[in-house]
Amino acid sequence: MSTAAAPRSRSQRSWGGPVTFGRVLRSEWIKTATVPSTVILLAVSFAVMIGLGALVAWGLVQLASEPESGPPEGIGQSLQSAAYDIPSSGLPFGQLLIAALAVVVIGSEYTTGMIRSTMVAVPTRVPALLAKTLVIAVISFLVGVLSAFATYLLAQPILSGSDLDFGLDAEWVLPSIINTGTVLALIAVMGVAIGALLRSTAGGVVTLVGALFVLPIIAGLLTGLADWVEDAARFLPSSAAAQLVATRIQPDAFNQVEGGLILAGWAAVLLAAAVVVIKKRDV
């Protein structure tokens, strides 16, 4: 007696087998890595972060050489401390580009309607969102670490003429290089989450860029009006990111671990909200 094979679900037919997170992850990696605009934007981020770091190094050398007799008394030590921040000095621009890229990665799918195909292939939806988030976060982390390390290598010959060069064993330099990648990874998570929540590339980019760059300016303008504004500003994503890569901590400021936890908290809350919304909302 023969029995007819049970029809496979649409997701199984599409994937040639059960939909696993590994398969979804591989699909998202292919989609991300094969889009020329994504590769170009990542390359631009890498190059510009290195270029800005080299420019900062050159600026410190110029400052150290003025006046002709050398830097004013007491300035030399502060210049050396400032030199330790050079590997992560391109981070603000990197945040801007990675934030835009992360939003575009998912926002463009809503704009083109491709998100429907994605959700048909992965009916439970959440694995697709998490896979997309993981792929762009890992890529962003690598871009951050590699660009910071390349900046460090490029800066040493520039700084050596003024005796400002330093090793990776200098205070907090290596953690700062690694955490440059951590910051970009967490910003990427925030970008994907905001893109999923708003379903708009333009709206997502404006929202995230505003949170990273406009809110700190507004907080700075309002600081004199109330004491709580300055305290609240320390919890902004940009402030937390700055503390995460800091090589020295100012009095009453969060340390590197605290800054990392605050930034991770922002990313976790936004991603959790995106997971809840994407499960319940029609695409």
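The values are calculated or read from the model by the stated rules, or taken from the named source; none is laboratory data. Just so we're clear, the structure is a prediction, and the values are computed from it rather than from any experiment. Reconstructed Cβ throughout: ideal geometry from the backbone, glycine too, with neighbour counts over all protein chains shown.
Based on this model, can you work out whether Leu154 counts as touching a helix residue (DSSP H, G or I) at 6+ places or on another chain (Cβ under 6 Å), on the phi < 0 side of the Ramachandran plot and not polar (S, T, N, Q)? Walk me through it before giving the result.
Values: touching a helix residue (DSSP H, G or I) at 6+ places or on another chain (Cβ under 6 Å): yes; on the phi < 0 side of the Ramachandran plot: yes; not polar (S, T, N, Q): yes.
Yes: the conditions hold for Leu154.
Going by the structure shown, is Ala219 among the hydrophobic types (A, V, I, L, M, F, W, C) and either surrounded by fewer than 19 Cβ atoms within 10 Å (Cβ to Cβ) or at pLDDT below 95 (or both)? Give the derivation first.
Numbers: among the hydrophobic types (A, V, I, L, M, F, W, C): yes; either surrounded by fewer than 19 Cβ atoms within 10 Å (Cβ to Cβ) or at pLDDT below 95 (or both): yes.
Answer is yes for this residue.
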Residue count for region 106-165, restricted to those that are of a type in the set (Val, Ile, Thr) and touching a Phe, Trp or Tyr at 6+ places or on another chain (Cβ under 8 Å): 3
Taking region 255-282 on its own, how many of its residues are surrounded by 14 or more Cβ atoms within 10 Å (Cβ to Cβ) and either polar (S, T, N, Q) or not in a helix (DSSP H, G or I) (or both)? 1
Meets criteria (touching a helix residue (DSSP H, G or I) at 6+ places or on another chain (Cβ under 7 Å), at pLDDT 95 or above and either within 30 Å of Ala82 (Cα to Cα) or of a type in the set (A, V, I, L, M) (or both)) for Val122: no
Checked Gly90, Gly22, Gly74 against criteria (small (Gly, Ala, Ser), surrounded by fewer than 12 Cβ atoms within 10 Å (Cβ to Cβ) and at pLDDT 85 or above); the one match is Gly22
Going through (1) of a type outside the set (A, V, I, L, M); (2) part of a loop (DSSP other than H, G, I, E, B); (3) in contact with an Asp or Glu (Cβ under 7 Å, 6 or more places away or on another chain) one by one, Arg248 fails only at (3)
Could you check, for region 140-149, whether at least one of its residues is of a type outside the set (Asp, Glu), over 17 Å from the mean Cα position of the chain (by Cα) and crowded, with 24+ Cβ neighbours inside 10 Å? no
